[in-house]
């Protein structure tokens, strides 16, 4: 039976397929391309100790999820400057959880983010205290299938890896409640210098496809401190991608920084 977790003071904000606000002056711009979303149900009690202070697991019908998301990051840029072609473009695979804070803001919490460019990894670890990790990675297309590979280089643990192959199927015309819950996320929760941080983002509505999982050989989820997934994912989705704009971090009180 799934464990119980205490509720937040305010009800979680509605789940919306479109962003609830705009980002007129972005802190960061980038595109997320060729995404594979794999999700397993997990006990909220197993997730709660891994979340930043001030947040609890976000749940749907009493269940929360761990996501393994592989994609291509494309042209990361600061403010309104053009994205960087080489350093800002690389494969990435992340392990993420779903969170909600005392202000009702739903978000994601990253337990690990494997990326193939060392300089962006070092910057993200230093500037944002995000758990980026340097890995050897590839993304390969073949007909209607995509294969994502990752082998951890630094800082470890040694042997952390993933190999995921999905076959793209039909487009999703009417996403289910679960598909909205897992993909319609408009912010990230993190801790920075001992304080809670919420980083909002906006992007167009996800173009989603259902997908078949052809292969999944990974230990990134266990390496991120979570129980080993049992059985097949409950949801496998693919998206060709979206352009993304990140706003400025919000203070714990919910007011964006200047």
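General observations
- Residue within the stretch 114-124 that is at positive phi and in a loop (DSSP other than H, G, I, E, B) present: no
- Some residue of the stretch 198-208 being touching a helix residue (DSSP H, G or I) at 6+ places or on another chain (Cβ under 9 Å), surrounded by 13 or more Cβ atoms within 10 Å (Cβ to Cβ) and within 24 Å of residue 60 (Cβ to Cβ): yes
Condition check ((1) surrounded by 15 or more Cβ atoms within 10 Å (Cβ to Cβ); (2) farther than 19 Å from residue 244 by Cα; (3) modelled with pLDDT of 95 or more) across all residues:
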{"position": "112", "(1), (2), (3)": "yes, yes, yes"}
{"position": "129", "(1), (2), (3)": "no, yes, no"}
{"position": "139", "(1), (2), (3)": "yes, yes, yes"}
{"position": "169", "(1), (2), (3)": "no, yes, yes"}
{"position": "193", "(1), (2), (3)": "no, yes, no"}
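- Close Cβ contacts (under 6 Å, 6 or more residues apart or on different chains) running from residues in the stretch 37-63 that are surrounded by fewer than 21 Cβ atoms within 10 Å (Cβ to Cβ) to residues that are assigned to a helix (DSSP H, G or I) and modelled with pLDDT of 95 or more comprise 59/44; 60/181.
- Members of the stretch 132-171 that are within 18 Å of the chain's Cα centre (by Cα) and without any contact (Cβ under 8 Å) to a residue 60 or more places away in the chain: 132, 133, 134, 135, 137, 149, 161, 163
- Among the numbered conditions (1) buried (at least 16 other Cβ atoms within 10 Å of the Cβ); (2) touching a strand residue (DSSP E or B) at 6+ places or on another chain (Cβ under 6 Å); (3) modelled with pLDDT of 95 or more, the only one that residue 89 does not meet is (3).
The values are calculated or read from the model by the stated rules, or taken from the named source; none is laboratory data. Just so it is clear, the model here is predicted, and its values are computed rather than measured. Note that we place each Cβ from the backbone using ideal geometry, even for glycine, and neighbour counts take in every protein chain shown.
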